[in-house]
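The values are calculated or read from the model by the stated rules, or taken from the named source; none is laboratory data. All figures in this text were calculated on a predicted structure; none of them were measured in a lab. Counting neighbours? That spans all protein chains shown, and the Cβs are built from the backbone with ideal geometry, glycine included. Side chains included, ligands, DNA and RNA excluded: accessible areas come from the protein's heavy atoms. Shrake-Rupley method; radii C 1.70, N 1.55, O 1.52, S 1.80 Å.
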Amino acid sequence: MNFSSVDVVALSRAVLAAAAASVVVACTAPQASSGPDAEVFQLSEAQMRARFPKVQNIGVVEISGAKIKSRPASSGAADLEYLATGGAMLVKKVESPILAQAPEILVTPEAAILQGSQAMVKHNGRLITSEGDSTKITIDGTQVKVDGPHIIRDLASGKTTLMGGATAPTAEAPQEPVAATLADVAKAAPKTAEKPVVRPVPPAAVKPSAPAAAAVSKPVAAKPKPRPAPAPKVVAKPAAKPAPQVDRKELLNLMRAPTE
C-alpha cells in the first residue's frame with residue numbers, strides 16, 4: 001500500500017500522541033504495593049539463598065536474611081539472641097511447620113518476634129498478615145500470638161477474617177499500560193483518501209458488425225377521405241304583408257265632432 005506525504009505526517013503524529021498517552025498512563029497508574037508477598041513461601045532453596053543469603057540455625061529454628069547480628073539476650077539469659085535485617089525469613093521445623101517473613105525478625109531464647117505492617121506468618125493452613133506498624137506477632141513454641149490489627153486468611157477456602165480492628169484493603173491492582181504498536185496506531189489514525197491509480201487499458205479488439213438487413217417497407221393502407229358535411233337547410237321566412245292604405249280624408253271626418 002502506497003502512503004502519500006500527508007499519510008506519513010498523520011501517522012507520525014498519531015504515533016507521538018500514543019507514546020505520550022502511554023507515558024501519562026504509566027505515570028498516573030497506581031504503583032504496586034510494597035506490602036508482604038505470600039509467594040516468598042513458595043521459593044525454592046536456591047531462590048531462598050539468593051534472597052536471604054545469611055543463615056543461622058538455632059535449634060529447630062532457621063533464620064535467614066540479608067544481615068544477621070547476634071547479641072546477648074535482653075532477658076539476661078546466657079544465650080544469645082539473633083536479629084535478621086534487610087528482609088528476613090524464619091522456618092520453625094516442628095510437626096506443623098511455621099513459616100514467617102518480615103523486614104526484621106528477632107529470635108530470642110524464648111520466642112521469635114516479628115513487628116511491622118509487612119510481617120506475615122503461615123501456619124496450620126492459615127496466612128496471618130499484619131495490618132499496622134504497631135502489630136506484633138510472637139511465635140512461642142507452636143503458638144502464634146498476634147497483638148494489633150491483622151488479617152487471617154484460610155488458604156483452603158480463601159475466606160478472610162479481619163482481626164484487631166483491621167480494615168479490608170481498598171487499593172486496586174495496578175493496570176500495566178499497554179504499549180501502542182505501530183499497527184494499532186495505524187488503525188486508529190484517520191485515513192486520508194488515497195488517489196486512485198489510473199492504469200492504461202489496452203484497446204479492445206473491434207469486432208466487425210454484421211451488415212444491417214435492408215428494411216422492408218410494408219404497404220400502408222390509404223386512409224378514407226372525410227365526406228363533406230351536409231349544408232344546413234335554410235328555411236325561408238314568409239314575406240311581410242303590406243299595411244292597408246288609409247284614406248286620410250275619411251280619417252279626418254271621423255275625428256270631427258258629430259253635429260245634431
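Of note:
- Residue that is most open to solvent (accessible area, probe 1.4 Å) [pool: residues in region 82-108 that are farther than 24 Å from residue 50 by Cα and either in a strand (DSSP E or B) or in contact (Cβ under 8 Å) with a residue 40 or more places away in the chain (or both)]: 95
- Only residues that are aliphatic (A, V, I, L, M) and in contact with a helix residue (DSSP H, G or I) (Cβ under 9 Å, 6 or more places away or on another chain) were counted in region 92-133, giving 3.
- Tabulated pairs, region 51-73, first in a loop (DSSP other than H, G, I, E, B), second among the hydrophobic types (A, V, I, L, M, F, W, C) and open to solvent by 70 Å² or more (accessible area, probe 1.4 Å), C-beta under 8 angstrom, 6+ apart or interchain: 73/80
- Selection count, region 67-81, where residues are open to solvent by 40 Å² or more (accessible area, probe 1.4 Å) and in contact with a Lys or Arg (Cβ under 7 Å, 6 or more places away or on another chain): 3
- Residue match in region 118-131 (condition: farther than 22 Å from residue 39 by Cβ, open to solvent by 20 Å² or more (accessible area, probe 1.4 Å) and in contact with a strand residue (DSSP E or B) (Cβ under 7 Å, 6 or more places away or on another chain)): no
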